[in-house]
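A.B. asks: Structure below; questions to follow.
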Amino acid sequence: MEQVRALVLRAAGINCDVETQYALQLAGAEAQRVHVNRIIENPAMLDLFQIMVIPGGFSYGDDVAAGKILANQLIYHLYDRLNEFIEAGKIVLGICNGFQVLVKTGILGKLNGSDEQQITITYNDSGKFEDRWVYLEPSSKKCIFIEPGQRIYLPIAHGEGKVVFENDGVLERLKTDDRVAFRYVDEDGSFGPFPVNPNGSTDSIAGLCDSTGRVLGLMPHPERFVRFVQHPHWTRLEDKSRADGMTIFNNAVKYVKENFI
Amino acid sequence: MKQWRFEVFSKPGTSGTGGSDVGDEIKELGVYTVQEIQSARVFLIEGDFDEAFAKRIAGELLADRVCEDFHIGRSAAPAGLAKATIIEIHLKSGVTDPVAQSVMTAISDMGKDCQTVRTARKYILFGEINDKQLKKIIRRLSNDCIEVVVIGSDAEPPSPHLAPYELELKTIDITKLNESQLEEVSKKMDLFLNAVEMKTIQDYFKSIGREPTDVELESLAQTWSEHCVHKTLKSSIDFDCDGEKIHFDNLMKDTVFRATKELNKDWCISVFEDNAGVIEFDETDAVCFKVETHNHPSALDPYGGAATGIGGVLRDPMGTGLGAKPIANTDIFCFAEPDKSFDEIPKGILHPKRIAQGVVAGVRDYGNRMGIPTVNGAIFFDDRYLGNPLVFCGNIGIMPRDKCFGKARTGDLVMVIGGRTGRDGIHGATFSSGALTDEHETVFSHAVQIGNAITEKKMLDTILQARQKGLYTAITDCGAGGLSSAVGEMGAQLGAQVELEKVPLKYAGLSYTEIWISEAQERMVVAVKPENLEKISRIFADENVEATIIGKFTDDKKLTLKYKGTQVCQLDMDFLHDGLPKYSRKAVWQSKNLAEPRLEEKENYNEELLSILSTYNVASKEWVIRQYDHEVQGGSVVKPLGGVTNDGPNDAAVVQPKFNSNKGIAIGCGINPFYGDIDPYWMTLAGIDEAVRNVVCVGARPDRIAILDNFCWADCKKEETLGSLVRAAQGCFDGAIAFGTPFISGKDSLNNNFICDDGTEISIPATLLISAMGIVDDVNKCVTIDLKAAGNLLFIVGITKNELGGSHYYKIKDQLGANVPKTDLKKAKVIAEKIYKAIDSGLVASCHDCSEGGLAVAMAEMAFAGGFGIEADLKGLPKSDDCANLGAQLFSESCSRYIIEVEPDRFNDFAKLMLGVPFGQIGKVTKDKNLVIKSGLGRKIVDVSIDSLKEAWQKLLRW
């Protein structure tokens, strides 16, 4: 394959697909938005892509729980295909609702070797949907999406973003496996309560990767900061090149180029 | 078929779906004996599956094993020391239940089918409560309109199964009735048609020699309702204005429309014709804007009313031309002040705090789910909105310029797409055309509609694909009036025939009339050429959107309805659309005899400034704004909040709808009913001035601003009330002409008065919302209000006059005053143009307009948004001769004033540009974080830290 090809998943209620496609295009990928029904009809189409992104939104209205119905659909129609996709060395990114879906399918929601979901994402401690900007500290060495040491600034917009675990042991294992991708911090890199940690997430976790480092899920929206003017107070900034969200998409495309093309 | 019951509880120690919120709400009711509340989600599922599969449903689908437990069957009342009360809240049968639909889909993904799914909320309250308290709690936790409450551990909810409908053709004998009998028919059927209208209908049926059917009367009532045809605003009016007689043939045509016509802007593409007004965006695309009100439904069911308000207004751009893609929402609310005890609230009215929270939640949930950023809004508080809160929902959409017009043709098929039809929303259009009373809650509960945003989102996704391929010839939304108004309007010039039994229903039992007039949400109608049927059906089916052919457009100019072959309605389109008798009304305006209070000058005004920042109208609305996703679609480049810590107010929002173009759209609004208490004419001009100022402040071109009107008035059958509306309409004409800003769309909502059980009436103040949409050529040049750097100079442009009438300064002193701000129509536009020029030339570091609270409040907001102090001196303030009072200089709300921050080395260029308009340097930006304003003679009359100012501004609505 000559071209980096990314699939942006669509489904009822997914609503960040267009800007996610744009971010991938900016990073140099050929990005296509595809409805989940088409993939269920023809799962072989996944072979055409090296990147799959499950974007943000409210898949199926987040009925029952955020991401739950789409996760259920993927489990019953495409679970093996998704695992093959990952095992083939390809990469998967879940943003906001996409992260919730990846957790609730079990792809990011359990430890290696476990059958049952041990990690979940639930209601913010504030009890409210919140749109605000947060700082993220990268903390995994294996996650291929991360620019090591680079703290990034991105918006969150969710009502259910609190990562919780079945027990403390799960978190310990995740740390040992280097699966904690991003943590919420303040401008100077320190942890803190709300609003630094906007949803009360355990251990300030904002994003998790799988054991391969090639599957990332995160609550903040990198696709909403790919141009300078999307910064919430760009009118007072000097550095007009900032677009923190691009690092995630650039690294994804770079990884594919280095490993597939 | 087995009925399964599932209960899902949060595990102890996890944050559930809001048990603690419920506790707070109960305390707010004055019930302190409830010590603990447990809540559970309940699912009732009918299906042929075994226990093992039921366990899978519970464990894998309904409950999240990490933070929830489940119970199959009814969980026993927990044993405990305190008395426990169990209540379960179910939806009334027939009310849309989106979660149930999703659960059905998910169970079928798991390989089994189920018959029905219903959901409920269960609360277990621990603690002694008496019956009266329980009633109060139930009223708080549930909504009579849409929900039923089951108390105790054994009671079962109502059966979900409804009997099928058997055709029973109803005719109403009216041709022989006298006037009072006709009125009685209208009243009995909730038609809201008056005697003259009923007589006109009687004459029509006499002329065709038969009696009408029920659905014929209902169709006429709907088409002729105030809500649908705006008969008051289109009537001829004899206006007595302080003794001067003025005649209007058609009030709207002679004021609002006339201004647009006279301005004749070549960038207006479609005005007052379609569901939204359309203007040019760039060479290839157009943008459209519509603002609707959803007041009556929001009074009864704040959450559902507001959600369907936003859901409804989204279908306006979607139903404009051949369909636009919504790109930004605006939401403006008027509520009573929320700090009231429950005893102060008359029967039939919900507490204003509950209304505020419910309305915000409704807009949040629908707007966020649709993936449309809610970027602009305002909330205006006044106790006269107690019985009638106002909910204005607006939307801007974008579409290719060659898709701006659609027209159904004879032979096209009538296709209904999206949601199914149910009993929800019956009589919405007619009901919202009358006053609310204390009995409306029960009598008109069926008028409330329930939304399902995902159904609408799916419909939007597929419509845009079908539009792209040119597969339909016309589209419109089913709004007020449902299929009746959608099909009736599309076929007005042609004729249409509909077979009602083909309309997909949510459940059995609907009569042909109910099908026709239901205002069930998320439905649109498209006209499809038969040869495109297969292609378009495929697009909808591919994404699980229901699309059904229900009839065709004909050429007989008749509306014909059939139910299983029986004709139930045949009306002449001409009579339906043009048969409404023309009204002539009288209106009176008498200038009020008001006095200006004499307020002594004070030593300093710190306290006044802090109080104004802490009034409901001025205080930060961050609590609301953060709950809206204002960044989805990635186009929000000036967000509602900004500044160094992202929590200062911005004047207007700017969205950049196309990734490959730097063009943007600025969105702002103006509303100030206090001015209308003095004179609605000046209120209107101030509203237009404010809306224009807002968008100009961020960088919109003043020669590319289009505006919208939304009139919300009380009972316009009263000549004085109508007179105040006429004053406002006159203001609309004068303002639009002076600013060169055409009105492109508008809407009115009258009869916003509430009749209490004791007969007293609460009427809203005259309320006009002006919304503005301005084109920004290059979003990289946008400016915001936050101060940028110490040492920069501060200027004010525009003149400050002794105009405290209706101001917030007077408000905190319980005064109204007489000197309402009077927009200088000669200067206002020139000033706006110069401000734009300065911004476009890069001379402006920050810019903010003076509005509620005047100069002092505007400077305070700029300072704390930027994290800098200001040292100002009123010596440099351009002011009128009668404005010597320092309080007036600080807090006057004179129009057309802007505060501009300029870097010192750009002073010369800026000053040169401002020649010819009043402007003066009033201060400079300081590192020291205090707002200091001197009297002009060296005395400090304001000296407060920006932290205190910000705290005063933020603390009130930190909910």
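A.B. asks: Relative contact order of chain A, please, whole-number percent, based on alpha carbon pairs below 8 angstrom and at least 6 residues apart.
C.D. replies: Values: 570 pairs, mean separation 51.8, N = 261.
Averaging sequence separation for qualifying contacts and normalising by length gives 20 percent for chain A.
A.B. asks: Which residue, chosen from B:580, B:560, B:599, occupies the Cα position most advanced towards the positive end of the dipole of the stretch B:557-600, where the dipole is computed from +1 (Lys, Arg) and -1 (Asp, Glu) charges on Cβ about the Cα centre?
C.D. replies: With unit charges placed on the Cβ atoms, the residue in question is B:560.
A.B. asks: Right, next: Please identify the GluC sites (Glu not before Pro) of the stretch A:120-204 that satisfy two criteria: DSSP loop assignment and at most 15 other Cβ atoms within 10 Å. Which are they? It would help to have the intermediate numbers written out before the result.
C.D. replies: Values: sites: A:130, A:160, A:166, A:172, A:187; in loops: A:160, A:166, A:187.
Here the sparse-neighbourhood loop sites are A:187.
A.B. asks: Another one. Using packing as a proxy for protection, rank A:109-117, A:63-71 so that the peptide with the highest average count of other Cβ atoms within 10 Å comes first.
C.D. replies: Put in order of decreasing packing, that is A:63-71, A:109-117.
A.B. asks: Still on this structure, I have one more. Residue by residue through the stretch B:855-862, what is 3J(HN,Hα) from phi via Karplus (6.51 cos²θ - 1.76 cosθ + 1.60, θ = phi - 60°)? Round to whole Hz and write x for glycine and proline.
C.D. replies: 4, 5, 5, 4, 5, 4, 5, 5
A.B. asks: ³J(HN,Hα) across the stretch B:648-655 via Karplus (A = 6.51, B = -1.76, C = 1.60, θ = phi - 60°), whole Hz, x for Gly/Pro?
C.D. replies: Coupling constants for the stretch B:648-655: x, x, 9, 6, 8, 9, 10, 10 Hz.
A.B. asks: Same structure again: Could you put B:415, B:189 in order of accessible surface area, largest first, with the 1.4 Å probe and the full protein assembly present? Provide the component values of the computation, followed by the final result.
C.D. replies: Numbers: B:415 0, B:189 35 Å².
Order by accessible area, largest first: B:189, B:415.
A.B. asks: Would you list which lysines come within 21 Å of residue B:929, measuring only between C-alpha atoms, while excluding same-chain residues fewer than 8 positions from it?
C.D. replies: Residue B:929 reaches B:788, B:940, B:950, B:955.
A.B. asks: Then there is this: Report the residues of the stretch B:806-833 in range of a label on residue B:703: point 7 Å along Cα→C-beta, backbone N strictly under 17 Å from it.
C.D. replies: Correct set: B:829-833.
A.B. asks: From the Cα gyration tensor of the protein assembly as shown, with a ≥ b ≥ c the square roots of its eigenvalues, which class applies: rounded if a/c is under 1.5, or else prolate if a/b is larger than b/c, or else oblate?
C.D. replies: On the way: a/c = 1.45, a/b = 1.06, b/c = 1.37.
Rounded, because the longest to shortest axis ratio a/c is under 1.5.
A.B. asks: Simple spin-label model, 7 Å along Cα-to-Cβ: residue B:154 to residue B:273 in nm?
C.D. replies: Roughly 6.8 nm, to one decimal.
A.B. asks: Students often forget the sequence filter, so: which aspartates and glutamates lie under 19 Å Cα-Cα from residue B:245 once same-chain residues fewer than 8 apart are removed?
C.D. replies: Within reach: B:254, B:679, B:719, B:720, B:734.
A.B. asks: Where both partners of a DSSP beta bridge lie in the stretch B:272-403, what percent of those bridges are antiparallel, to the nearest 5? Kindly include the intermediate steps, with their values, before the conclusion.
C.D. replies: Values: 22 of 29 bridges.
Around 75 percent antiparallel, to the nearest 5.
A.B. asks: Only bridges whose two residues both fall in chain A count here: according to DSSP, what percent of them are antiparallel, nearest 5? Working shown, then result.
C.D. replies: Numbers: 22 of 39 bridges.
About 55 percent, rounded to the nearest 5.
A.B. asks: With runs of 4+ DSSP H residues as the only contributors, calculate the mean residue ellipticity of chain A at 222 nm using -39,500 (n - 2.57) per run, divided by the residue total and rounded to the nearest 500.
C.D. replies: Result for chain A, helices only: -8000 deg cm²/dmol.
A.B. asks: What do you get for Rg/Rh of chain B when both radii come from the Cα atoms and Rh is the Kirkwood radius?
C.D. replies: Numbers: Rg = 28.8 Å, Rh = 29.5 Å.
For chain B, the value is 0.98.
A.B. asks: How about the stretch B:141-184: which GluC sites (Glu not before Pro) there are in a DSSP loop, with at most 11 other Cβ atoms within 10 Å of their Cβ?
C.D. replies: Values: sites: B:147, B:166, B:168, B:179, B:183, B:184; in loops: B:166, B:168.
Here the sparse-neighbourhood loop sites are B:166, B:168.
A.B. asks: Hey, another quick one. Give the residue list of trypsin sites (Lys or Arg not before Pro) in the stretch B:584-643 that are DSSP loop and have at most 15 other beta-carbon atoms within 10 angstrom. Present the calculation step by step, with values, prior to reporting the outcome.
C.D. replies: Working: sites: B:585, B:586, B:592, B:598, B:602, B:621, B:626; in loops: B:592, B:598, B:602, B:621, B:626.
Passing sites in the stretch B:584-643 are B:592, B:598, B:602.
A.B. asks: Report, in deg cm²/dmol and to the nearest 500, the calculated mean residue ellipticity at 222 nm for chain B, where each DSSP H run with n ≥ 4 adds -39500 (n - 2.57) and the sum is divided by the residue count.
C.D. replies: Numbers: 32 runs with 301 residues, N = 959.
Counting only the DSSP helices, I get -9000 deg cm²/dmol.
A.B. asks: Sticking with this one: What is the stretch B:803-893 by shape, rounded, prolate or oblate, if you read a ≥ b ≥ c off the alpha carbon gyration tensor as root eigenvalues and call it rounded for a/c under 1.5, prolate for a/b larger than b/c, and oblate otherwise? Each step should come with its number before you reach the end.
C.D. replies: Working: a/c = 1.94, a/b = 1.32, b/c = 1.47.
The shape class here is oblate.
A.B. asks: Just how large is the dipole of the stretch B:2-151 about the Cα centre, in debye to the nearest 20, putting +1 at every Lys and Arg Cβ and -1 at every Asp and Glu Cβ? Working shown, then result.
C.D. replies: Working: 20 positive and 22 negative charges, 75 e Å.
Charge dipole of the stretch B:2-151: 360 debye, to the nearest 20.
A.B. asks: Residues with amide H under 5 Å of residue A:114's amide H, sequence separation 5 or more or different chain, H placed in the peptide plane at 1.01 Å from N; which?
C.D. replies: none
A.B. asks: Another question, then. How about residue B:265: which lysines have a C-alpha closer than 22 Å to its C-alpha, ignoring those fewer than 8 places off in the same chain?
C.D. replies: Leaving aside lysines fewer than 8 places away in the same chain, those within reach of residue B:265 are B:253, B:290, B:403, B:663, B:747, B:826, B:827, B:829, B:834, B:837.
A.B. asks: Let me ask something else about it. Can you pick out the pairs among B:234/B:586; A:110/B:55; B:92/B:562 whose Cα atoms lie more than 18 Å from each other? Please report the intermediate quantities before stating the final value.
C.D. replies: Working: B:234/B:586 13 Å; A:110/B:55 21 Å; B:92/B:562 29 Å.
Pairs exceeding 18 Å: A:110/B:55; B:92/B:562.
A.B. asks: Would you mind giving the mean number of other chain beta-carbons within 10 Å of the Cβ of each residue in A:14-21, as a whole number? Display every interim value, and only then the final one.
C.D. replies: Values: counts 3, 13, 6, 2, 7, 7, 1, 1.
Across the residues of A:14-21, the mean count of other-chain Cβ atoms within 10 Å is 5.
A.B. asks: Right, another one. Kindly report the accessible area of the protein assembly as shown per residue (heavy atoms of protein chains, probe 1.4 Å, no ligands, DNA or RNA), in Å². Please report the intermediate quantities before stating the final value.
C.D. replies: Values: 42000 Å² over 1220 residues.
Normalised by residue count, the accessible surface of the protein assembly as shown is 34 Å².
A.B. asks: Output the 0 to 90 degree angle, nearest 10, between the alpha-carbon long axis of helix B:179-188 and the longest principal axis computed from the alpha carbons of chain B.
C.D. replies: 80
A.B. asks: By the gyration tensor of its Cα atoms, with a ≥ b ≥ c the square roots of the eigenvalues, what is the shape of the stretch B:483-567: rounded for a/c under 1.5, prolate for a/b over b/c, or oblate?
C.D. replies: Values: a/c = 1.73, a/b = 1.11, b/c = 1.56.
Oblate.
A.B. asks: Let me spell out the model: positive unit charges on the Cβ of Lys and Arg, negative unit charges on the Cβ of Asp and Glu, origin at the Cα centre of the stretch A:5-260. What dipole size does that give, in debye rounded to 20? List each step's numbers first, then the result.
C.D. replies: On the way: 27 positive and 33 negative charges, 113 e Å.
Here the stretch A:5-260 has a charge dipole of around 540 debye.
A.B. asks: A follow-up question, please. Positive end of the charge dipole of chain B (Lys, Arg +1 and Asp, Glu -1 on Cβ, about the Cα centre): tell me which of B:352, B:157, B:378 has its Cα farthest that way.
C.D. replies: In chain B, that residue is B:378.
A.B. asks: Additional query: Apply the Karplus curve 6.51 cos²θ - 1.76 cosθ + 1.60, θ = phi - 60°, to the phi angles in the stretch B:576-586 and return the couplings in whole Hz, x for Gly and Pro.
C.D. replies: Per-residue couplings from phi come out as 4, 9, 10, x, 4, x, 7, 9, 10, 10, 10 Hz.
A.B. asks: Which entries in the list B:231/B:325; B:231/B:718; B:11/B:83; B:407/B:506 go over 26 Å, if you measure between the two C-alpha atoms of each? Walk me through the intermediate numbers first.
C.D. replies: Details: B:231/B:325 31 Å; B:231/B:718 15 Å; B:11/B:83 22 Å; B:407/B:506 30 Å.
Among B:231/B:325; B:231/B:718; B:11/B:83; B:407/B:506, the Cα-Cα distance tops 26 Å for B:231/B:325; B:407/B:506.
A.B. asks: Please state the charge dipole magnitude for the stretch B:289-424, taken about the Cα centre, from unit charges on C-beta atoms (+1 on K and R, -1 on D and E), reported in debye and rounded to the nearest 20.
C.D. replies: That gives the stretch B:289-424 a dipole magnitude of about 660 debye.
A.B. asks: If you build the convex hull over the alpha carbons only and average its shadow over all orientations, what do you get for the stretch B:869-959? Give it in nm² to one decimal.
C.D. replies: Mean projected area of the Cα convex hull: 7.7 nm².
A.B. asks: Here's something else I'd like to know. Could you list, in their original order, any pairs among B:347/B:717; B:582/B:717; A:68/A:175; B:457/B:658; B:206/B:557 whose Cα atoms are separated by more than 22 Å?
C.D. replies: Details: B:347/B:717 25 Å; B:582/B:717 15 Å; A:68/A:175 25 Å; B:457/B:658 20 Å; B:206/B:557 20 Å.
Pairs exceeding the cut-off: B:347/B:717; A:68/A:175.
A.B. asks: Just checking chain A: which Cys have no other cysteine's beta-carbon under 4.7 Å?
C.D. replies: Cys with no partner Cβ under 4.7 Å: A:16, A:96.
A.B. asks: Any chance you could check the Cα centroid distance between the stretch B:140-209 and the stretch A:30-73 for me, in angstrom?
C.D. replies: 45
The values are calculated or read from the model by the stated rules, or taken from the named source; none is laboratory data. Note that this is a predicted model, so its numbers are computed, not measured. Glycine also receives a Cβ, built like all others from the backbone with ideal geometry; neighbour counts cover every protein chain displayed. These area figures cover heavy atoms from the full protein model, side chains too; ligands, DNA and RNA do not enter into them. Shrake-Rupley method; radii C 1.70, N 1.55, O 1.52, S 1.80 Å.
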